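S.K.: Following this message is one structure expressed as structure tokens.
The values are calculated or read from the model by the stated rules, or taken from the named source; none is laboratory data. For clarity, every value in this text was computed on a predicted model and none was experimentally measured. Ideal geometry is used to build each Cβ from the backbone, glycine not excepted, and the neighbour counts take in all protein chains shown.
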Amino acid sequence: MAETVPLGELISIRRGTTYKGALLGQPGPYLLGLASIARNGGFRSDSLKTYGGESPESLLVKPGELFASLKDVTQAADLLGSVARLPLDERPGRLTQDTVRLDVVSDRVDRDYLYWLLRTPGYRQYCRAHATGTTNLGLPREDFLGFPVRLPSLDEQRRIAEVLCALDDLIDTNEQQIERLGHLVAELYQRALARGCPGYFRSSMSSRSSLVVPSRVVTSPNREWGCPSSESATSKRRVPTPGQLSDFRTTL
């Protein structure tokens, strides 16, 4: 039967320290501040900066380890308590004054299971409910460590984490494919415009497409694989597979 224990029985936290802005961009570990955590949890790599200042071992986060933000600078509280996991293919990063490392100190919990538990809507609601402050929000240490953690057996924890990790990998793969398709679509569209918007581009692409992606991958609304029109944009558009797009790119 699963038991429920406070988070503080399973982990300890190590808070980061301030850094010198003049040393940003110099050789060293990446800084793992608020910008390295996605809203409501997850790792962000799009704005990482290296730091050439003092970075003792006690402030480093190693690949696979968890770190979190116990503050937020907006009332939305999307970063308050949000947890990230440093990817295995990243080098170690350095904590800042805004982040803490979560060190698992109990053999009763699987680290990957804990990561996914701290990404659930229930946990996010708990963080918002315990927020303090008005302009800048904070999550008191005792409230963070007081979050109730449900502990099924270790085998069940690992099974849950394995399924969620596999789904996360699938989502990441699909997002990468969507991004690649978006670049191909933009390139083909520009070529079509340069050639006078050939009609075959519209009819052939729409009839042979097989993948649905959000319209955000399209740089110009309402194009429907030909010249822009005044028709209202749809929420989703069909685009061809990479192989089909390569055929059209060769044609153009």
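S.K.: Across region 65-114, which residue is nearest to L48 (Cα to Cα) among those that are touching a strand residue (DSSP E or B) at 6+ places or on another chain (Cβ under 7 Å) and among the small types (G, A, S)?
M.R.: G93
S.K.: Same structure, new question: So, Y115, is that one surrounded by 15 or more Cβ atoms within 10 Å (Cβ to Cβ), within 20 Å of the chain's Cα centre (by Cα) and in a helix (DSSP H, G or I) or not? I'd like the intermediate steps shown before the answer.
M.R.: Details: surrounded by 15 or more Cβ atoms within 10 Å (Cβ to Cβ): yes; within 20 Å of the chain's Cα centre (by Cα): yes; in a helix (DSSP H, G or I): yes.
Yes.
S.K.: When region 76-112 is examined, which residues are found to be crowded, with 19+ Cβ neighbours inside 10 Å, of a type in the set (G, A, S) and over 21 Å from L164 (Cα atoms)?
M.R.: Result: A77, G93.
S.K.: Of the residues V217, V185, which is surrounded by 11 or more Cβ atoms within 10 Å (Cβ to Cβ), touching a strand residue (DSSP E or B) at 6+ places or on another chain (Cβ under 6 Å) and at pLDDT below 80? So that I can check it myself, show each step before the final result.
M.R.: Details: V217 fails: touching a strand residue (DSSP E or B) at 6+ places or on another chain (Cβ under 6 Å).
Step by step, each of V217, V185 is checked, and only V185 is surrounded by 11 or more Cβ atoms within 10 Å (Cβ to Cβ), touching a strand residue (DSSP E or B) at 6+ places or on another chain (Cβ under 6 Å) and at pLDDT below 80.
S.K.: Whether any residue in region 18-26 is within 14 Å of P92 (Cα to Cα) and of a type outside the set (D, E) is what I want to check. Quick ask: steps written out before the conclusion?
M.R.: Of region 18-26, the ones within 14 Å of P92 (Cα to Cα) are none.
For region 18-26, residues within 14 Å of P92 (Cα to Cα) and of a type outside the set (D, E): absent.
S.K.: Within region 96-106, is even one residue in contact with a helix residue (DSSP H, G or I) (Cβ under 7 Å, 6 or more places away or on another chain), assigned to a loop (DSSP other than H, G, I, E, B), over 13 Å from F67 (Cβ atoms) and assigned by TED's automatic domain parsing to the domain that holds R14?
M.R.: Yes, that holds for at least one residue.
S.K.: Which one of the conditions (1) charged (D, E, K, R); (2) in contact (Cβ under 8 Å) with a residue 12 or more places away in the chain; (3) surrounded by 14 or more Cβ atoms within 10 Å (Cβ to Cβ) does R141 fail to meet, given that it meets all the rest?
M.R.: So R141 meets the others, but not (3).
S.K.: Please report, ordered by residue number, the strands (runs of 3 or more DSSP E) entirely within region 1-56 with at least 2 residues that are crowded, with 16+ Cβ neighbours inside 10 Å and on the phi < 0 side of the Ramachandran plot.
M.R.: In region 1-56, the matching strands (runs of 3 or more DSSP E) lie at 11-15, 30-32.
S.K.: Among (1) within 20 Å of G42 (Cβ to Cβ); (2) modelled with pLDDT of 95 or more; (3) of a type in the set (A, V, I, L, M), which single condition is L145 missing?
M.R.: (1)
S.K.: On to the next question. Are any residues in region 130-149 under 30 Å from A2 (Cα atoms) and in a loop (DSSP other than H, G, I, E, B), and if so, which ones?
M.R.: First, pick out the residues of region 130-149 that are under 30 Å from A2 (Cα atoms): 130-131, 139-149.
Within region 130-149, H130, A131, L139, P140, G146, F147 qualify.
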